[in-house]
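Working notes, beginning with the structure itself.
The values are calculated or read from the model by the stated rules, or taken from the named source; none is laboratory data. Please read all numbers here as calculations on a predicted model, not as lab measurements. Please note that ligands, DNA and RNA were not included when accessible areas were found on the heavy atoms of the full protein model with its side chains. Shrake-Rupley method; radii C 1.70, N 1.55, O 1.52, S 1.80 Å.
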Amino acid sequence: MSTSPSSAAGPLAGVRVIEFAGIGPGPFACMLLSDLGAEVIRVDRPGANLGDQLDIVGRGRKTVLLDLKNPEDKAQVMELLGQADVLVEGFRPGVMERLGFGPDAVAGRNPKLVYGRMTGWGQEGPLAQAAGHDINYISISGALAAIGEKDRTAVPPLNLVGDYGGGSLYLVVGILAAVLEARRSGQGQVVDAAICDGVVSLMTLFQTQRLRGTYEETRGANMLDGGAPYYRAYDTADGSQVSVGAIEPKFFELLCEKLGVPEELRQAQNDRARWPEMEETLARIFRTRTRAEWCELLEGSDACFAPVLTLSEAARHPHMQARAAFQELDGVMHTAPAPRFSRTPARIQGAAPKQAVTVGDVLSGWR
């Protein structure tokens, strides 16, 4: 599906966001806000490289280049903040205060502003001033220890669980909630989005299982961590992989029927003592056909099956194509905005900017 830049029309149309340039979860959160219709103005340093059309995360913004230590430029930033709805920053705690853009200073200019703060460790606590990255934040939150093969070293799940799951998505949820509240009360507030907090929240189900005694604190020993033979990936005859997730008994029975699993194993779905035997059986069966052959037999059925695709293969899958999950913009394949809205559809507001605009340009458009 081809798309082209257009005026914002999503559910956040009219919301003004000032993004202080950074890396990781902050930019991704602002991409999401832009896709939903918000006008995002990115404040970047003079000399910043612009024009990378392959920077999908940087799409849908306007960029102003300002020196946050220069008094005249700082005044321009404050002018923008005076008319904005949301501020997003991802510096270490105290940096914005030292620059003169802390919550109190900004609230004095714009009391309705929602102040979004994105950090790994949070604004306070023993580690607040320490450097860190996704893998560190998910480590102390209990997530990393739960991911990986049994008796092997823990495996970082890209930066999806920490930066984007526990960080960006919780920041966006917090910002949206605070914007709604500000429209009712006339007062903004600080949204302290710490990745370690968000990941702890994401792990709620597994903490519940731990409290109930149904979760083993050993990798590869539980239903959703690859321990259950009916919920994992398997190698195929052509060196590819497929995944199954037949948790419910009726789906498991259908999977077994289509695969020809011996009857005695069909009755042992949740017998952990027999999981190794079941896994060995399923692994042997899946190695007898290619990924394409398994897709022909199982895909689209209630056997809870899917091929394990690479990033490049995902865009070519018929279901992804039918849902236009990838959209072409100026010759670059972008991930499509999500989620979808029936009346105010989200849309890509344009590629990453090729050149900066002035604060005057931005303010004139706001009048």
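Estimated at the nearest 10 Å², the accessible area of His133 is 120 Å² with a 1.4 Å probe. If every alpha-carbon in region 257-367 counts as one equal scatterer, what log10 I(q)/I(0) does Debye give at q = 0.16 1/Å? Normalising to I(0) and taking log10 leaves -0.94. Divide by every residue of the chain the summed helix terms, -39500 (n - 2.57) for each DSSP H run of at least 4, and state the resulting mean residue ellipticity at 222 nm, rounded to the nearest 500 deg cm²/dmol. Only helices count here, giving -9500 deg cm²/dmol. Our compactness index for region 173-288, the C-alpha radius of gyration over the empirical 2.2 N^0.38 Å, is 1.58.
The translational diffusion coefficient of region 1-127, from Stokes-Einstein at 20 °C and 1.002 mPa s with a Kirkwood hydrodynamic radius over alpha carbon pairs, comes to 140 µm²/s.
The 3J(HN,Hα) values that the Karplus relation (6.51, -1.76, 1.60; θ = phi - 60°) gives for region 142-154 are, in residue order, x, 7, 4, 4, 8, 10, x, 7, 4, 6, 10, 5, 4 Hz. Gly and Pro appear as x.
Compute the Rg/Rh shape ratio of the chain: radius of gyration over Kirkwood radius, all on alpha-carbon atoms. Working shown, then result.
Working: Rg = 24.1 Å, Rh = 23.2 Å.
We get a ratio of 1.04 for the chain.
For the options Ile18, Ile247, Ile138, a Gaussian network treatment of the chain with springs between C-alpha atoms closer than 10 Å singles out Ile247 as fluctuating the most. Debye-formula intensities of region 90-140, expressed as log10 I(q)/I(0) at q = 0.18 Å⁻¹, are -0.63 (one equal scatterer per alpha-carbon, no solvent).
In the context of the full set of protein chains, residues of region 238-367 present 59 Å² of accessible surface per residue (probe radius 1.4 Å, heavy atoms only). Note that region 26-31 has calculated 3J(HN,Hα) couplings of x, x, 5, 4, 6, 4 Hz, one per residue in order, obtained from phi through the Karplus relation 6.51 cos²θ - 1.76 cosθ + 1.60 (θ = phi - 60°); glycine and proline are x.
Residue by residue, region 255-261 carries 3J(HN,Hα) couplings of 4, 4, 5, 5, 8, x, 6 Hz when phi is fed to the Karplus relation 6.51 cos²θ - 1.76 cosθ + 1.60 (θ = phi - 60°); x denotes Gly or Pro.
If you take every DSSP beta bridge whose two residues both sit in the chain, what share of them, in percent to the nearest 5, is antiparallel? If you can, show how the numbers build up before the last one.
Details: 12 of 35 bridges.
Looking only at bridges with both residues in the chain, the antiparallel portion is about 35 percent.
Largest mean-square fluctuation among Ala322, Ala105, Ala13, in a Gaussian network model of the chain whose springs join Cα atoms under 10 Å apart, belongs to Ala322. Glu280 contributes an accessible area of around 130 Å² to the protein surface, as traced by a 1.4 Å probe with all chains present. Protein heavy-atom surface of region 208-270, 1.4 angstrom probe: 43% of the accessible area is carbon and sulfur, with nucleic acids and ligands not counted. The Cα center of region 80-111 and the Cα center of region 181-198 differ in position by 13 Å. Annotation: per residue accessible area for region 29-88 equals 40 Å², rounded to a whole number [probe 1.4 Å, protein chains only].
In region 286-339, the portion of solvent-accessible area held by carbon and sulfur atoms comes to 54 percent [1.4 Å probe, whole percent, DNA, RNA and ligands not counted].
Relative to the compact-globule scaling 2.2 N^0.38 Å, provide the ratio for the alpha-carbon radius of gyration of region 92-239. Don't skip to the answer; put the middle values down first.
Values: Rg = 19.4 Å, N = 148, 2.2 N^0.38 = 14.7 Å.
This ratio for region 92-239 stands at 1.32.
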